[in-house]
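Chemist: This structure is in C-alpha cells; I'll ask about it shortly.
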C-alpha cells in the first residue's frame, strides 16, 4: 500500500511525496487507518520506526477537514522531553504544509510569553511537556475543553520520569466524549499495561516487536577499553572516519564536558548536549548537529529517546548505560528508517557486569571486537594529546637527535 491510497487530503499526499514518503512503515500501516476511523490506539514500537508520522498524518487530515469551534487547541501531544516535543512539532509542521494547521510547542525551560501569545492567537495542535501544560492552564491561558485528540508519546519514558499522575490528570481534564486517545510506548511491561488500560478503552492494540529489539539496520559490537584510555580510542575512530556523523554517549554531565575538552585538545571539534545546558542552547546544539555544521555530538541520555536526527553514521557508547534497555534506545539513533548504521561500545573492566546485563536483555551475545596488545598500544601512542603522550615526544626527540634515550 502507498500513501496515495489512503483517504487523506491531497495536500497531505503532495507533501508526503515532497518529503520522500512513499510506502508506510509497519507502525504507520497498522495505525493510520484505525486513527482515521476514530479508534483509540495502544501502540508498542521501537524508536526509529516512523511512529510520529503514524499519528501526525491522520490527525492533520482530520483537523484540516473540520472547522475549529474556538481558538482553543483540538489536539494535545505529550512528550517526555523538550527535545522530543520540539521534534514532534517539526514533524507536524513538515507534514502539515498546505493544510492550514497551526502548531504550538508548550515547553518548560523557555520563556512562556511567546507561548501565551500563540495560544491567544489560536492554535490547533499543542505539543507539550506535562509541567508547562498545568502552569498555563492554572494561569488561565490554556483550555483543554476542545481537545479531540490526546497523544501520549514515549509513555514509558514519561512513566520513568514520574509523569504518570500528569498523564492521568490531562486525560481526565480533557473531554471524555468524542475524544480519541493514542498511547505509544517503546517498551511493554506490567506498569505500562496498567497505565495504558487506565487511559485507553477498547483500543486497537498494535505491537511492532521483532525478536531482536535492536534495529536490523544497525551493526553493533563492543571492544574492551580501559576507562582512562577511552578518549584515545574515540580520537582514533573519529580521525579514521572523519566524514562520519557521530553521537557519543557518556554517563554524566561532567564527563560529557571532559570528553568535549579532550577532543578539543587533539583538534577535534565536538559539542556537548546534557541537562545542565540552557534549553535554548540545547536546541541550538541539536540544530547545528542536524544541519551538519557540527558532526560530533557528545551527550548524556537526554538525547537517547525519540530524537530523530537523519544521517547519524555511528553511535559510540563511550560509557555503557546503567539500564540495559537504554542500550537499545541509544544505538537506535543510527540506522533509522531504511538507513544503515554502526554502533560500538567501549567496555572497561569495571563495566563488564553492565555488558552482561545488556546481553541478557537482548537475548544474545554482542559481537566482541578483538584487538592485539600491539594495536592497543599503537592507538595510545598515536594520540595528538601531547599532555599525555610523553613517549611520542621522546621518540620524536630521539629521531631528531639521532639518539636512543628511553624513559
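Here, each number is a calculation from the coordinates, and none is a lab measurement. The structure presented is a predicted model; accordingly, all values stated were derived computationally and were not measured. Quick reminder, even Gly has a Cβ in these numbers, built from the backbone with ideal geometry, and neighbours come from all protein chains shown.
Chemist: If the elastic network links every pair of Cα atoms under 10 Å, which of 295, 190, 340 fluctuates the most in the Gaussian network model of the chain?
Modeler: 190
Chemist: For the Cα atoms of the chain, what angle does the longest principal axis make with the long axis of helix 352-362, in degrees from 0 to 90, nearest 10?
Modeler: 40 degrees
Chemist: Run the numbers on the range 218-370 and let me know its relative contact order in percent, using alpha-carbon pairs under 8 Å that are six or more apart. Spell out each step's value before the answer.
Modeler: Values: 262 pairs, mean separation 53.9, N = 153.
Reported as a whole number, the value is 35 percent.
Chemist: Here is a follow-up. Under 17 Å from the 7 Å Cα→Cβ point of residue 189, by amide nitrogen: which residues of the range 320-348?
Modeler: It comes to 321-330, nothing else.
Chemist: Can I ask one more? With just the Cα atoms defining each centre, how far is the range 1-35 from the range 127-144? Give it in Å.
Modeler: Value for the Cα centre distance between the two parts: 31 Å.
Chemist: Right, another one. If I take all pairs of Cα atoms in the range 218-370, what percentage of them are more than 21 Å from each other?
Modeler: 39 percent
Chemist: Then there's this: Compute the FRET efficiency between residue 226 and residue 257 as 1/(1 + (r/R0)^6), taking r as their Cβ-Cβ distance and R0 = 25 Å, and round to the nearest 0.05.
Modeler: Efficiency at R0 = 25 Å is approximately 0.75.
Chemist: Any chance you could give the angle, 0 to 90 degrees and rounded to 10, that helix 51-64 forms with the longest Cα principal axis of the chain?
Modeler: Approximately 30 degrees, to the nearest ten.
Chemist: Something else about it: Where does each of 12-18, 80-86 land if you order them by average Cβ count within 10 Å, highest first?
Modeler: In descending order of packing, they fall as 80-86, 12-18.
Chemist: Order of 164-174, 363-373 by packing, highest average Cβ count within 10 Å first?
Modeler: 164-174, 363-373
Chemist: Something else now. Just 288, 258, 121 to compare: in a GNM of the chain, with alpha carbon springs under 10 Å, which one fluctuates most?
Modeler: 121
Chemist: Between the range 262-298 and the range 60-124, what's the alpha-carbon centroid distance in Å?
Modeler: Rounded to whole Å, the Cα centres lie 27 Å apart.
Chemist: With a bin width of 5 angstrom, please list the P(r) values of the range 3-208 as percents of all Cα-Cα pairs, from the 0 bin to the one holding the largest distance.
Modeler: For the range 3-208, the binned pair fractions read 1, 7, 17, 21, 22, 17, 10, 4, 0 percent.
Chemist: So if the hydrodynamic radius of the range 1-93 is defined as the Kirkwood radius over C-alpha pairs, what does Stokes-Einstein give as its diffusion coefficient at 37 °C and 0.692 mPa s, in µm² per second?
Modeler: In µm²/s, the coefficient rounds to 233.
Chemist: Tell me what the chain gives for mean residue ellipticity at 222 nm when only DSSP H runs of n ≥ 4 count, each as -39,500 (n - 2.57), the sum divided by the residue total, rounded to 500 deg cm²/dmol.
Modeler: -12500 deg cm²/dmol
Chemist: Between 0 and 90 degrees, rounded to the nearest ten: what's the tilt of helix 279-291 against the longest Cα principal axis of the chain?
Modeler: Roughly 70 degrees, rounded to the nearest 10.
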